[in-house]
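The values are calculated or read from the model by the stated rules, or taken from the named source; none is laboratory data. These numbers come from a predicted model, not from an experiment. In this analysis, Cβ positions are derived from the backbone assuming ideal geometry, glycine residues included, and neighbour counts consider all displayed protein chains. Note: accessible area is taken over every heavy atom of the protein model, side chains too, but ligands, DNA and RNA are not part of it. Shrake-Rupley method; radii C 1.70, N 1.55, O 1.52, S 1.80 Å.
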Amino acid sequence: MNMNWLLTHSPALLIAIPLLAAFLTPLIDRLSKRARNVLVLIVLITVEVVMIVLAWDVFTGNTHIYTMGASNPTATIPVQAAIPIRIVLEVDGLSAFMGLISATVSLAAGLYSLAFVRRETGQGRYYTLLLLMLVGMLGMEFTGDLFNLFVFLEILSIASAALIAYRFYRGDAVEGAFKYFVISSLGALMVLFAIGLLYGQYDLLNMAALAKVMKYTMLDKIALVLFIAAFAMKCGAIPMHMWVPDSYTVAPASITAMLVVASQVSLYALFRICFSLYGLTLDVTTVGIIIISLGLLSMFVGVTMALPQKDIKRLMSYHAISQTGYMLLGVGVGLYLIGKPEFSTYGVVAMEGGIFHIFNHALYKGLLFLTAGAIFYKVKTRNLNEMRGLAHSMKFTAIFFMIGAFAIAGIPPFNGFASKLLIYESVYCVSPILSIIAMLVSIITLASFVKVFHSAFMGPPMRNTKEGEVPKSMLIGMVILTVGIILFGLFPGWVVDHIVHPAAQALADQAAYIQAVIGG
Amino acid sequence: MIYNIPFIVVVLLIIVGLATVVFKRNLIKIVIGITIIESGVNLFLITLGYRENSVAPIYTFAPSTKMVLPVPQALTLTSIVIGVAVMALMLSFAIRIYQHYGTLDSRKIRRLRE
């Protein structure tokens, strides 16, 4: 098994390995719990390593194409046909970027789960669904086929909904899961209807082939509206956000960290549809303004609704909505400017900021949810008024929380600062108001986290809790994300040049996306 | 006109389903609403591939080469399978919610919104 073989087949392997392991997990679970944990960890680490190898190759300039079931995986168009018929996986800079996020957070969440769900029943099924979530995310990121996108979207929603309801003995968990699932299924059906509209006109399901012949007729516009509505709903942009706090709050903390990434995968799908499928054919000014306004609304309303919350995870969920706004703002400004002369100067910077923020958000928000889970593990409550003085016994958790809070508030030298600065300085050129709102939201975010830190970690120790830190596996899960935050914060220039820039370039360059599959 | 009837039915089904999801308070009825929307979307896909006086797309001993489009049928089959999984999971959530709250009325199930 040499390196080239691995690289060629890695897009398919990255989906196949966790998928097969997911259904192997319940069987191994029957034999031995320890063997099951080892299997899950080995799979997660393998996915992470293969993902890094693949991403490195993609970032150095090779877009990977994989045709499912073909004797030669790079031959997308069969000999007898003129269009791509088989399912094509296309891994370009942005797909690899999102894949890295999913693999990293899943690894941290998997490690964290080992101790976190130790006392629960049905762990075999928990890990099955966790791996299926990873499959759904990677599938949505890699696929170049619209119907395939729908299938992986549904795999992701079903696995997530079942995991949100994992603590089914608590009524609120099932309630949150039901709400999430109604929204997800509605969104997925809208996506399927839009795919039907496109297929009815062009007889194509491949995204690159569709993009080449896209005419932007009335039906295409309806399909675009359905896509944008569905994916904006799934990524929790205000005014379609009501499921986010409910489901994030009740899910186990490790799953909440994964749900954050799952929402961002929907964001990825939204960007992919706008940039790669429709591209310059659509009315970029109008759609850009719509996405920018969605972003501004999410930013501002999200953070103001976070301020009065007393439930620590609910508060963080509203912050997750607010941070999603930054990504929508950054990439929305990019879409607004694409095709105009300003794009090459500050349009690209705005997109880089928005895309960089996706990775940063996954790291620090994942870390914050994991620390909230650690607090819940220790004191059995999420209510901020019922906890105090936790820094006495949970020193490491307190440090991780501080790092996460500084990162989300955009304080240097942590990673949130790097991406927010890119967004501030580029959207300022479009309109200073955008920058001002973004900075204001950042300040309110800091205020809100100061409040959480004060009420959870400061003050005299609580009397009736056990001494000591949370178990090691939970700490290791948090360490992985913390190391990411610090590294990204210390070397933002290197990260932007080598990881974020290829991703933004892949999104902006529709012609390259089409050429990789169809050629010419 | 006659060829448009399936599309009109599609729109009607989707509107009825959406109205059910939005206005009904009973969780089971919400699940039914989603299933109705899904039927509408499936009917839409099937209608896209229909050709008049054509045969099933099986080439062996085919009486004519005028065939319906097989791709939408494959899509619909996949979508039906996914739909069953979605419905089963939703109904099991509804059962759990009924066990906890003793009701299926969404107005009374609001422990999350304190």
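Look at (1) of a type outside the set (S, T, Y); (2) more than 14 Å from chain B (Cβ to nearest Cβ); (3) surrounded by 24 or more Cβ atoms within 10 Å (Cβ to Cβ) and you find that A:D283 fails only one, number (3). Looking only at residues in the stretch B:64-82 that are part of a loop (DSSP other than H, G, I, E, B) and within 14 Å of another protein chain (Cβ to nearest Cβ), which one is surrounded by the fewest Cβ atoms within 10 Å (Cβ to Cβ)? It comes out as B:V68. Scanning the stretch A:171-189 for residues that are within 9 Å of chain B (Cβ to nearest Cβ) and either under 22 Å from A:F275 (Cβ atoms) or in a loop (DSSP other than H, G, I, E, B) (or both) yields a single hit, A:A188.
For B:I5, indicate whether it is surrounded by 13 or more Cβ atoms within 10 Å (Cβ to Cβ), more than 10 Å from every other protein chain (Cβ to nearest Cβ) and of a type outside the set (D, E, K, R). Criteria not met by B:I5. Scan the stretch A:306-342 for residues that are assigned to a helix (DSSP H, G or I), open to solvent by 30 Å² or more (accessible area, probe 1.4 Å) and touching a residue at least 60 places away in the same chain (Cβ under 8 Å) and the total you get is 3.
Select, from A:L31, A:L54, A:L39, the only residue that is open to solvent by 10 Å² or more (accessible area, probe 1.4 Å) and either under 26 Å from the mean Cα position of the chain (by Cα) or not aliphatic (A, V, I, L, M) (or both). Lay out the reasoning, then the answer.
On the way: A:L31 fails: either under 26 Å from the mean Cα position of the chain (by Cα) or not aliphatic (A, V, I, L, M) (or both); A:L54 fails: open to solvent by 10 Å² or more (accessible area, probe 1.4 Å).
After applying the criteria, what remains is A:L39.
Residue by residue, here is whether (1) open to solvent by less than 80 Å² (accessible area, probe 1.4 Å); (2) over 22 Å from A:L422 (Cα atoms); (3) assigned to a loop (DSSP other than H, G, I, E, B); (4) touching a Cys at 6+ places or on another chain (Cβ under 9 Å) holds:
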position: A:M439; (1), (2), (3), (4): no, no, no, no
position: A:S442; (1), (2), (3), (4): yes, no, no, no
position: A:F449; (1), (2), (3), (4): yes, yes, no, no
position: A:V452; (1), (2), (3), (4): yes, yes, no, no
position: A:A456; (1), (2), (3), (4): yes, yes, no, no
position: A:G459; (1), (2), (3), (4): yes, yes, yes, no
position: A:G477; (1), (2), (3), (4): yes, yes, no, no
position: A:I486; (1), (2), (3), (4): yes, no, no, no
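Selection over the stretch A:461-475 of residues that are touching a residue at least 12 places away in the same chain (Cβ under 8 Å) and either open to solvent by 50 Å² or more (accessible area, probe 1.4 Å) or in a loop (DSSP other than H, G, I, E, B) (or both) gives a count of 10. For B:V10, the conditions (1) closer than 22 Å to A:Y199 by Cβ; (2) within 10 Å of another protein chain (Cβ to nearest Cβ); (3) surrounded by fewer than 19 Cβ atoms within 10 Å (Cβ to Cβ) are fulfilled apart from (3). Of everything in the stretch A:4-28 that is open to solvent by 60 Å² or more (accessible area, probe 1.4 Å), over 25 Å from the mean Cα position of the chain (by Cα) and among the aliphatic types (A, V, I, L, M), the residue that is nearest to A:L131 (Cα to Cα) is A:L24. The lone criterion from (1) more than 9 Å from every other protein chain (Cβ to nearest Cβ); (2) in a loop (DSSP other than H, G, I, E, B); (3) of a type in the set (A, V, I, L, M, F, W, C); (4) open to solvent by less than 80 Å² (accessible area, probe 1.4 Å) left unmet by B:L91 is number (2).
If you scan the stretch B:37-63, which residues turn out to be among the aliphatic types (A, V, I, L, M), open to solvent by less than 90 Å² (accessible area, probe 1.4 Å) and more than 9 Å from every other protein chain (Cβ to nearest Cβ)? Break it down stepwise before answering.
Of the stretch B:37-63, the ones among the aliphatic types (A, V, I, L, M) are B:37, B:41, B:43, B:45-46, B:48, B:55-56, B:58, B:62.
When the remaining residues are screened for being open to solvent by less than 90 Å² (accessible area, probe 1.4 Å), the result is B:37, B:41, B:43, B:45-46, B:48, B:55-56, B:62.
B:L43, B:I46, B:V55, B:A56, B:A62 - these are the residues of the stretch B:37-63 that are among the aliphatic types (A, V, I, L, M), open to solvent by less than 90 Å² (accessible area, probe 1.4 Å) and more than 9 Å from every other protein chain (Cβ to nearest Cβ).
Annotation: of all residues in the stretch A:118-161 being more than 11 Å from chain B (Cβ to nearest Cβ), among the β-branched types (V, I, T) and more than 17 Å from the chain's Cα centre (by Cα), the one that is least open to solvent (accessible area, probe 1.4 Å) is A:T128. Only one entry in A:A232, A:A223 is at pLDDT 90 or above, within 14 Å of chain B (Cβ to nearest Cβ), buried (at least 24 other Cβ atoms within 10 Å of the Cβ) and at negative phi, namely A:A223.
Identify all residues within the stretch A:166-188 that are aliphatic (A, V, I, L, M) and open to solvent by 10 Å² or more (accessible area, probe 1.4 Å); write none if there are none.
Step one: of the stretch A:166-188, the residues aliphatic (A, V, I, L, M) are A:173-174, A:177, A:182-183, A:186, A:188.
Selection gives A:V182, A:I183, A:L186.
Residues that are touching a residue at least 24 places away in the same chain (Cβ under 8 Å), more than 30 Å from A:E90 (Cα to Cα) and open to solvent by 30 Å² or more (accessible area, probe 1.4 Å) do not occur anywhere in the stretch A:505-515.
Of all residue pairs spaced 6 or more apart or on separate chains, those with beta-carbon atoms under 9 Å, a first member in the stretch A:413-428 that is touching a residue at least 12 places away in the same chain (Cβ under 8 Å) and of a type in the set (K, R) and a second member that is part of a loop (DSSP other than H, G, I, E, B) and surrounded by 20 or more Cβ atoms within 10 Å (Cβ to Cβ) are A:K420/A:G410. Counting only residues that are closer than 13 Å to A:I444 by Cα and under 21 Å from the mean Cα position of the chain (by Cα), the stretch A:302-315 holds 4 of them.
Does B:R25 qualify as being more than 10 Å from chain A (Cβ to nearest Cβ), modelled with pLDDT under 95 and within 26 Å of A:A162 (Cβ to Cβ)? So B:R25 passes the test. Pairs meeting the criteria (first residue in the stretch A:378-400 and free of Cβ contacts under 8 Å to residues at least 60 places away in the same chain, second residue open to solvent by 20 Å² or more (accessible area, probe 1.4 Å) and of a type in the set (A, V, I, L, M), beta carbons under 6 Å, at least 6 apart or on different chains) are A:A398/A:A391. Filtering the stretch B:46-63 to residues that are in a helix (DSSP H, G or I) and not hydrophobic (A, V, I, L, M, F, W, C) leaves only B:T47.
Specify which of the listed residues (A:I255, A:I164, A:I238) is more than 9 Å from every other protein chain (Cβ to nearest Cβ) and under 23 Å from B:K29 (Cβ atoms).
Values: A:I255 fails: under 23 Å from B:K29 (Cβ atoms); A:I238 fails: under 23 Å from B:K29 (Cβ atoms).
Being more than 9 Å from every other protein chain (Cβ to nearest Cβ) and under 23 Å from B:K29 (Cβ atoms) holds for just one of A:I255, A:I164, A:I238, which is A:I164.
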